[in-house]
Amino acid sequence: NQVSADVVGTIKEKIKGLPDGIQSLLGVMSFIPCSVGASVLNELLMDYGDNRLTEDEIASLLKKASDEGMLMRSMESGNYAFAHDRIREASRAYVEEESYRDELVLHLADVLQRIGIGKGSKMEWCMYTAVDLLNSLPSEKVDVTDLMKLNLKVSKLSKSRGSPEKENVLLREAAVL
């Protein structure tokens, strides 16, 4: 759809005009499939890239991104989400153009696995997202044995949660590896 492509292109240009910190924030969030709280974003952003950010700096970036109309904050949960799917799409497209995409995906998957392990069912989405991110990378970028084990682990988690569709997808991914 040409209109959709034009909208994404326009938003991508707006993103390029934003400060680097907001660009990084939007790029990171574009790989997270759900709304996310500031605490998770703190863990994802604090140790990434050349600029080590504090919680206060990340909170400021979230506010600025909200002020720019890129993000919305849920009053109920306090989580942040993209104001529109096209903003997520443009943020992801912006990252896809950059050479650091695979490095970012590896970092996000690593942090999400750490968050997802031992935090209970509330944070299981982190494990699903981590395995999906790793599965999206070329095989030479990941340890195939570790990825196969992670796919099997998360497929068992899916099965225990009554999600046979996701279990089957992850089992197919493990078999392909």
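For region 73-87, give me the residue count where each residue is within 17 Å of the chain's Cα centre (by Cα) and exposed (fewer than 14 other Cβ atoms within 10 Å of the Cβ). Within region 73-87, residues that are within 17 Å of the chain's Cα centre (by Cα) and exposed (fewer than 14 other Cβ atoms within 10 Å of the Cβ) number 1. When residues in region 27-43 are screened for being assigned to a helix (DSSP H, G or I) and within 9 Å of the chain's Cα centre (by Cα), 3 of them pass.
For Glu167, the stated conditions do not hold, so it cannot be described as open to solvent by less than 70 Å² (accessible area, probe 1.4 Å), modelled with pLDDT under 85 and under 20 Å from the mean Cα position of the chain (by Cα). With respect to (1) touching a strand residue (DSSP E or B) at 6+ places or on another chain (Cβ under 7 Å); (2) more than 23 Å from Ile115 (Cβ to Cβ), the lone exception for Glu98 is condition (1). Cβ separations smaller than 7 Å between residues 6+ apart or across chains give no pair from region 89-104 residues that are free of Cβ contacts under 8 Å to residues at least 12 places away in the same chain and of a type in the set (Asp, Glu) to residues that are surrounded by 14 or more Cβ atoms within 10 Å (Cβ to Cβ) and in a helix (DSSP H, G or I). Would you confirm whether any residue within region 53-72 is assigned to a helix (DSSP H, G or I), open to solvent by less than 20 Å² (accessible area, probe 1.4 Å), without any contact (Cβ under 8 Å) to a residue 40 or more places away in the chain and not aliphatic (A, V, I, L, M)? Within region 53-72 (the criterion being assigned to a helix (DSSP H, G or I), open to solvent by less than 20 Å² (accessible area, probe 1.4 Å), without any contact (Cβ under 8 Å) to a residue 40 or more places away in the chain and not aliphatic (A, V, I, L, M)), the answer is no, since none of the residues qualifies.
The number of residues in region 88-121 that are open to solvent by 60 Å² or more (accessible area, probe 1.4 Å), assigned to a helix (DSSP H, G or I), modelled with pLDDT under 90 and within 22 Å of Lys14 (Cβ to Cβ) comes to 2. So the check is Cβ under 7 Å with 6+ separation or different chains; which pairs have a first residue in region 3-30 that's crowded, with 18+ Cβ neighbours inside 10 Å and a second one that's charged (D, E, K, R) and in a helix (DSSP H, G or I)? Listed pairs, sorted by first residue: Val8/Arg86; Val8/Glu89; Ile11/Arg86; Ile22/Lys64; Ser30/Arg88; Ser30/Arg92. Conditions first: (1) open to solvent by 60 Å² or more (accessible area, probe 1.4 Å); (2) modelled with pLDDT of 80 or more. Tyr128 passes all but one, so which condition is the exception? Single failed check for Tyr128: (1). Does Ser155 count as surrounded by fewer than 21 Cβ atoms within 10 Å (Cβ to Cβ) and of a type in the set (Ser, Thr, Tyr)? Considered against the rule, which asks whether it is surrounded by fewer than 21 Cβ atoms within 10 Å (Cβ to Cβ) and of a type in the set (Ser, Thr, Tyr), Ser155 comes out as no.
The values are calculated or read from the model by the stated rules, or taken from the named source; none is laboratory data. Remember, predicted model here, so these are calculated numbers, not experimental data. No Cβ is skipped: glycine too gets one built from the backbone with ideal geometry, and neighbour counts run over all protein chains shown. These area figures cover heavy atoms from the full protein model, side chains too; ligands, DNA and RNA do not enter into them. Shrake-Rupley method; radii C 1.70, N 1.55, O 1.52, S 1.80 Å.
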